[in-house]
Amino acid sequence: MKGKSKGWLAGVAVVAILGGWHLGDVRMGAAACGDTWLTGSYLLLLAAALAGTGLCGRLFWGGTQKAGGWELTKIYPLAGIFLGLLYLMVLPPLSAPDEISHYISAYQLSSHLLGQPSNSEDGHVLVRARDWILEDIHGDYVYGEEDGHLRKREQEGLCEGVVLGRPLTEETYRVIHGMARGSQDYQYQGEENKNRLAVSPYPPVKTTPAAYLPQALGISLARLFCMDSLWLAYLGRLCNLLFFVAVTWLAMRRLPFGREVLFGVAVLPMTLHLSASFSYDAWILAWIFYFTALCLHLAFAAGQVQARDVAVLAFVMALVGPCKMIYTVFMGLCLLIPVKKFGNWRRWGMSACCVLGTCILVLVLVNRQTVTTYVASGTENYIGWAEEAGYTLGTLRTQPWQCLRLFVNTIIWQSQQYHLTMVGAYLGNLDPVLDVPYLLVMLFTACLLLLCFRKPGEQLLLSGIRRYWIWFLCLSCAGAALLSMFLAWTPIGAKVISGVQGRYFLPFLPVLLMSLKNDVLVLTKERNHRILYLMCCANVYAVLRLYGIVSMRI
């Protein structure tokens, strides 16, 4: 038994060996660009990674000696924060998908929270002038005063400045290193204006402000203590990560079964990358996980459904729906709860109306303009990025077979892409170079499948009509994602629907995997802790490899 209890050391040893291998990549990059400090930073990262891997190993291996799965709720907060911090540091601020827009949206909410001006007369967001460096690291803009605020002046041949982390190269690390050391090359030069408000050229995301509350709290904290731009960016991201881990942990505690599946999805590289950024995807993922857990708890573990349970269901869906309307489909999970738990059909109907009515009300208040645009564009639609005409709702009616062919082609040709980008391909700002190796993608996939297989003595609850209903909801949500991008992002003549990414499927992945448990494939032994530890080790290696890749992108 003593030998077996030391099995976690194998994970630490493998990570150390692979980390040493990529030390060579970092040294090559450092020699090519002259930034010798890259090697020292990598060694610190490697030391932290090995220490964290060892701690996770002790927790996972110790947990396997006990009966039951309750210990996962104690391991997840530590493992989630550890892995999230690794991704937060290696993939720095504003490098995630659309992160500059999410950052600006959080900044706008921060100004509201602090009681300061948030927008200029033309609607653009106001930021501290000293924070311009995050949006213009080369100092390409020429600024002047207008309407009492600093504003970028139009220059011939310059559309926008270079945003930190876009693209993510060795220069990004150099800028962050210089900012951390207080180098004047990476500071706002107008000392007398650094605390004045300036107009950001980037528009905020049109959605519910609540989705940016964690990030805005981090930004507000930095502004209250007059911290520099780098601290502001990292605190905003850190608060988003802590929020995601906290709500996912609450969801894990609520789940009557399948905690290991939720744990596995929560530590996928793409999930960790999004949760450790300014993206509102962390908000969506966390609350959908909690909503799923609450529905399953009420359906299979709780006694009578109380009024407060209905209120929480309505509240959570009101938080998620305005961010991405496609996830309102998941209100259907409430139908897993038996009518008898409400007492009678009348109370069930009132509860359903409460959840549905609250969600519809919030959608009308927040997304009325978006819905009106889709409905109004029955005959015309223009796709800005392609500078071409796009599909409309009228196209579905007048050319149903052409649209069906487009949807079928998308599923056939893009399924592999969706799988890869759901697990961990195209990290950063959809950068094909910053990805998790294909073998690791398959390893993560295999681990998720093993976690969802039935274990000895485990009761099969999601079966029969319940299983089919979950499959229908997941299929409907995926279809809604395709339809939304069909209307908003796909030009006429495209061979497949544009703009759909695998990360859109992460919110319903846990419940989909839970529904795959069956009586045919049953594991002979329960190995959940070791499988999850393997996923943690794979994440640590992926992060070390990413640092090596960025270091060589001169």
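The values are calculated or read from the model by the stated rules, or taken from the named source; none is laboratory data. As the structure is a computational prediction, the values presented were derived from the model and not from experiment. Every residue, glycine as well, gets a Cβ built from its backbone with ideal geometry; the counts of neighbours run over all protein chains shown. SASA here: full protein model, heavy atoms, side chains in, ligands and nucleic acids out. Shrake-Rupley method; radii C 1.70, N 1.55, O 1.52, S 1.80 Å.
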Exception for THR370 within (1) modelled with pLDDT of 90 or more; (2) within 28 Å of the chain's Cα centre (by Cα) falls at (1)
Inside region 421-432, the number of residues satisfying the requirement of being surrounded by fewer than 20 Cβ atoms within 10 Å (Cβ to Cβ) and either under 9 Å from VAL496 (Cβ atoms) or touching a residue at least 60 places away in the same chain (Cβ under 8 Å) (or both) is 2
I'm trying to understand the selection: among the residues of region 287-323, which are open to solvent by 10 Å² or more (accessible area, probe 1.4 Å), in a loop (DSSP other than H, G, I, E, B) and free of Cβ contacts under 8 Å to residues at least 60 places away in the same chain? ALA301, ALA302, GLY303, GLN304, VAL305, GLN306
Would you be able to tell me the number of residues in region 129-153 that are surrounded by 14 or more Cβ atoms within 10 Å (Cβ to Cβ) and modelled with pLDDT of 75 or more? 12
Exactly one of (1) at pLDDT 95 or above; (2) assigned to a helix (DSSP H, G or I) is unmet by SER279. Its number? (2)
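For region 433-446, which residues satisfy the criterion of being part of a helix (DSSP H, G or I) and either in contact (Cβ under 8 Å) with a residue 40 or more places away in the chain or surrounded by fewer than 21 Cβ atoms within 10 Å (Cβ to Cβ) (or both)? Talk me through it step by step, then tell me what you get.
Step one: list which residues in region 433-446 are part of a helix (DSSP H, G or I), which gives 438-446.
Matches in region 433-446: TYR438, LEU439, LEU440, MET442, LEU443, PHE444, THR445, ALA446.
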Cβ pairs under 9 Å, 6+ apart, first in region 398-416 and closer than 16 Å to SER498 by Cβ, second open to solvent by 90 Å² or more (accessible area, probe 1.4 Å): LEU406/LYS495; ASN409/LYS495; THR410/LYS495; TRP413/LYS495
So which of TRP413, TRP489, TRP471 ends up being surrounded by fewer than 16 Cβ atoms within 10 Å (Cβ to Cβ), farther than 15 Å from LEU509 by Cα and of a type outside the set (Gly, Ala, Ser)? TRP413
With the structure loaded, tell me whether LEU483 is touching a helix residue (DSSP H, G or I) at 6+ places or on another chain (Cβ under 6 Å), aliphatic (A, V, I, L, M) and in a helix (DSSP H, G or I) or whether it fails that test. no
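Considering only residues that are of a type in the set (Gly, Ala, Ser) and modelled with pLDDT of 90 or more, which ones fall in region 58-100?
Of region 58-100, the ones of a type in the set (Gly, Ala, Ser) are 62-63, 67-69, 79-80, 84, 95-96.
The answer is ALA79, GLY80, GLY84, SER95, ALA96.
Which one of LEU114, LEU126 is open to solvent by 10 Å² or more (accessible area, probe 1.4 Å) and not hydroxyl-bearing (Ser, Thr, Tyr)?
Numbers: LEU126 fails: open to solvent by 10 Å² or more (accessible area, probe 1.4 Å).
Among LEU114, LEU126, only LEU114 is open to solvent by 10 Å² or more (accessible area, probe 1.4 Å) and not hydroxyl-bearing (Ser, Thr, Tyr).
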Residues of region 439-458 being out of contact with any Phe, Trp or Tyr (no Cβ under 8 Å at 6 or more places or on another chain) and over 18 Å from LEU509 (Cα atoms), in sequence order, are LEU439, LYS455, PRO456, GLY457
Exclusive hit being out of contact with any helix residue (DSSP H, G or I) (no Cβ under 6 Å at 6 or more places or on another chain) and over 22 Å from CYS474 (Cα atoms), set LEU365, LEU356: LEU365
The lone exception for GLY7 - which of (1) of a type in the set (Gly, Ala, Ser); (2) buried (at least 18 other Cβ atoms within 10 Å of the Cβ); (3) more than 27 Å from GLU170 (Cβ to Cβ); (4) modelled with pLDDT under 95 it fails: (2)
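Out of all the residues in region 324-353, which are in a helix (DSSP H, G or I) and either small (Gly, Ala, Ser) or in contact (Cβ under 8 Å) with a residue 60 or more places away in the chain (or both)? First the steps, then the outcome.
If we filter region 324-353 for residues that are in a helix (DSSP H, G or I), which is where we start, we get 325-336, 339-342, 345-353.
Once the filter is applied, which keeps residues that are in a helix (DSSP H, G or I) and either small (Gly, Ala, Ser) or in contact (Cβ under 8 Å) with a residue 60 or more places away in the chain (or both), region 324-353 yields MET325, ILE326, TYR327, VAL329, PHE330, GLY332, LEU333, LEU335, LEU336, GLY349, SER351, ALA352.
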Pull out all pairs, ordered by first then second residue, where Cβ-Cβ is under 8 Å, the residues are six or more apart or on different chains, the first lies in region 19-30 and is open to solvent by 30 Å² or more (accessible area, probe 1.4 Å), and the second is among the β-branched types (Val, Ile, Thr) and in a helix (DSSP H, G or I). ASP25/ILE549; ARG27/THR39
How many residues are within 17 Å of LEU274 (Cα to Cα) and open to solvent by 20 Å² or more (accessible area, probe 1.4 Å) if we restrict to region 222-249? 8
Of all residues being among the aromatic types (Phe, Trp, Tyr) and modelled with pLDDT of 95 or more in region 232-263, which is nearest to CYS295 (Cα to Cα)? Just the residue, please. TRP249
Can you tell which of GLY493, GLY499 is touching a strand residue (DSSP E or B) at 6+ places or on another chain (Cβ under 8 Å) and either in contact (Cβ under 8 Å) with a residue 12 or more places away in the chain or outside any loop (DSSP other than H, G, I, E, B) (or both)? GLY493
